[in-house]
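The next block holds one structure in the form of structure tokens; read it before the comments.
A short reminder: the numbers here are calculations on the coordinates, not readings from a lab. Because the structure is predicted, anything quoted here is derived from the model rather than measured. A quick note on method: Cβ atoms are made from the backbone with ideal geometry, for glycine too, and the neighbour counts reach across all protein chains shown.
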Amino acid sequence: MSINIDQALQTFIAEARELLEDMENSLLQLESTPEDAEIIGAIFRAAHTIKGSAGLFGLDQVVGFTHIVENVLDRVRDASIRIEGDLVALLLECRDHMTELVNVIAEQGEQLDEAALGREQFLRKRLQAYQGVQAGHAAVVVEPEIESSGASMEGPDNWHLSLRFDREILKNGMDPISFFRYLGTLGEIISIVTLPDALPPVDEMDAELCYLGFEVNFKSDADKNTIASVFDFVRENSSIRILPPHSKVAEFIDLIRTLPEDEKRLGDILVSIGALTRQELDEGLAAQKNPKADGSTAPLGEILVGQRSVEQEVVQAALEKQSQARESKNKENRYVRVQADKLDELINLVGELVIAGAGANLLAQRSNDSSLQEATSTMSRLVEEIRDGALKLRMVPIGDTFSRFQRVVRDVSKELGKDIDLVISGAETELDKTVVEKIGDPLMHLVRNAMDHGIESAEKRLAAGKPAKGTLKLNAYHDSGSIAIEISDDGGGLNRDRILQKGLERGLVQPNQTLTDQEIYNLIFEAGFSTAEAVTNLSGRGVGMDVVKRNIVALRGTVDLESTAGLGTTIRIRLPLTLAIIDGFLVGVEKSSYVVPLDMVLECVELTESERQGMKERSYLNLRGEVLPLVPLRTHFEIEGSHAKRENVVVVQYAGQKAGLVVDELLGEFQTVIKPLGKLFSNLRGISGSTILGTGEVALILDVPSLVQQAEHAEQS
């Protein structure tokens, strides 16, 4: 399987992975709706498309294994075998192995390891039990008059020729016997049945006319075009029908399925595989020009079958191929594949353009040239539109990530011996592709922990008055310029006392320390913390939840949880919509500049002198009857210098909590290109990144979630 990776092969790999994802989702749906023919057809088409495309690149290992899977799916499709749990489980394992085969191709020359090869042999043996005998028989259409001859024309696997020569063939100097002699050079004539049914009464018979018909059982390895060419000189005004052997029908269908996804007409498909001759197609098209009695035109496939030029099964396969090609073309017309690194490069360039535009705006303002200011204003608007458009290119629905957990929930619930139902909502919610890629592993930890620790066994649930089947919910929604992802279960909830006891034992909590329920629950995110009584394959080692929090914080996100004893637990992750460019609100303290994410800003309020004096004694503000906790940025960042004559409060909101940021100046809206901080500043509280102003100076981006949390704790204390 060692081949050069070129652009076409990269496209195959990407499409194969998409098809395998679709195949897995359809198989999971099939468990609950085993009779759904549309889902079965979708699974078959996915496997067939992968096999056909792999054949174009000579990927024999993919073709060989997928062909066996396709045979089983074909038997499912024609109802030869029934869908049941073991078969779905086997097909899911086959899908996993097909994914591994594709991944090997992507790794450019890597080979399957011995374990994978052994697994493939085991899967092949298990699939054999579902393949059965590939009979592949297609019924040969036999006209009533043939039955009257008393001879059976169905050979074991031979061509069937139905010949009705032109009445005046003898007058034209041709002998029907000569055609049979020539046929003998192409193969073996097993039998000929002569049909005298068209003979007129003796007194009306013309000795120079041919009244006989012939049904020929012919054994040959020649193709249909070669056999048809024997009768080229008498085809006009004659009826020549050539039906292929049973094995040829299956071969024609297989050939149709392996054709490239080109949009062809039905007749061209049948001619290209040799199931139909060009003359037969021309006859069918000519017949199609004659409308029916109601004025409608018969479909070409119906005409060809009626003329006994081709079998119904072959026509149906060609029509499916034609429909598949149209769907593929429509999909190609809707989408353009772009490599992720090219999008990243575009976003970086747009970011530099934003910074350059801010610099141009600053120079225009200083010049006092109205025409220049108008031009830079127009440019800023266009840059903003380009920015939004570029960011939308990287926005993808989180539903693709959620759907992967259907398989996880299925497999893990069987491993645990629990019956768990996964409910997905908010799948259409979009966020940055980079965020989606990095959130998969943390979600995996949380989902597996919820199934192992959260949801009880069926016996315990029934004893508690709950349904035996547990429910796990994945939900996503937009909130204050961020995306919230919730993982909820209807299990027993967290054991507050046990968590607190473990915290005391490990020294995470002091004996005389008073903690809120929220703070106690958050102890599970400490490194190595676990309340599991036994170590299992899924959890209990204290590894995972601290990694979850660390990965989410690295994405400038937060994680918190709510739990009610006996009712369940909800873990809520909040993430920024994008990691690249945001709209910000620029504020100043002394000579330092800070950016507040604009989506989190509610309003700005100027402090009165009495309110400024009151801040010396208390850290909150009466905002129209509402207590607003304050975070003076001068104090928080230990900025030296005397207080400004005027101070303002920027009211921000995050996760339903409000706080006020006390600043010196309000500098207005600002397009912010997010630059990550170095490792030296990774533990700096209240800062999530940096940006470059139009002047070339660096401004720090405020971490509003941590500042709001700090203000809330200060208020409670």
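For this structure, a couple of remarks:
- Cα-based shape type of the stretch 340-394, given that a ≥ b ≥ c are square roots of the gyration tensor eigenvalues and the cut on a/c is 1.5: prolate
- SER593 long-range amide H proximity, modeled H, under 5 Å: LEU700
- Entries of LYS171/LYS224; LYS51/LYS438; LYS591/LYS675 with Cα pairs more than 22 Å apart: LYS171/LYS224; LYS51/LYS438
- Residues whose placed amide H lies under 5 Å from that of ILE81, excluding near-sequence neighbours: VAL76
- 14 Å beta-carbon shell around VAL698, net charge (K/R +1, D/E -1): +1
- In this calculation the C-beta distance from GLU31 to ARG498 is compared with R0 = 35 Å, giving a FRET efficiency of 0.45.
- Two-site label geometry, SER370 and ALA115: point separation in nm, points 7 Å out along Cα→Cβ: 7.5
- With a Förster radius of 45 Å applied to the beta-carbon distance between ASP546 and MET379, the computed FRET efficiency rounds to 0.45.
- Ranked list, fewest to most other Cβ atoms within 10 Å of each Cβ, for ASP489, ASP223, ASP232: ASP232, ASP223, ASP489
- Sites matching trypsin sites (Lys or Arg not before Pro) across the stretch 20-96 that sit in DSSP coil, with at most 10 neighbouring C-beta atoms within 10 Å: ARG82
- Distance between modelled label sites at THR635 and ILE190, nm, 7 Å Cα→Cβ extension: 10.0
- Neighbourhood net charge (14 Å Cβ-Cβ; Lys/Arg +1, Asp/Glu -1) for ASN361: -2
- Centroid-to-centroid separation of the stretch 611-647 and the stretch 4-53 [C-alpha atoms, Å]: 60
- Cα-based shape type of the stretch 396-576, given that a ≥ b ≥ c are square roots of the gyration tensor eigenvalues and the cut on a/c is 1.5: oblate
- Loop-located GluC sites (Glu not before Pro) in the stretch 42-116 whose Cβ has at most 15 other Cβ within 10 Å (DSSP): GLU84, GLU107, GLU110
- From phi via Karplus (6.51, -1.76, 1.60), per-residue ³J(HN,Hα) for the stretch 424-438 in Hz, x at Gly/Pro: 10, 9, x, 5, 7, 5, 9, 8, 4, 4, 4, 5, 4, 5, 8
- Exceeding the 23 Å Cα-Cα cut-off - candidates LYS616/LYS645; LYS418/LYS473; LYS658/LYS679: LYS658/LYS679
- Paramagnetic label reach from ARG624 (point 7 Å along Cα→Cβ; backbone nitrogen cut-off under 14 Å): within the stretch 630-669, residues 651-652.
- Percentage relative contact order, the stretch 7-131, counting C-alpha pairs under 8 Å, at least six apart: 29
- Residue pairs, from the table LYS502/LYS549; LYS342/LYS433; LYS392/LYS549, whose Cα atoms sit over 21 Å apart: LYS392/LYS549
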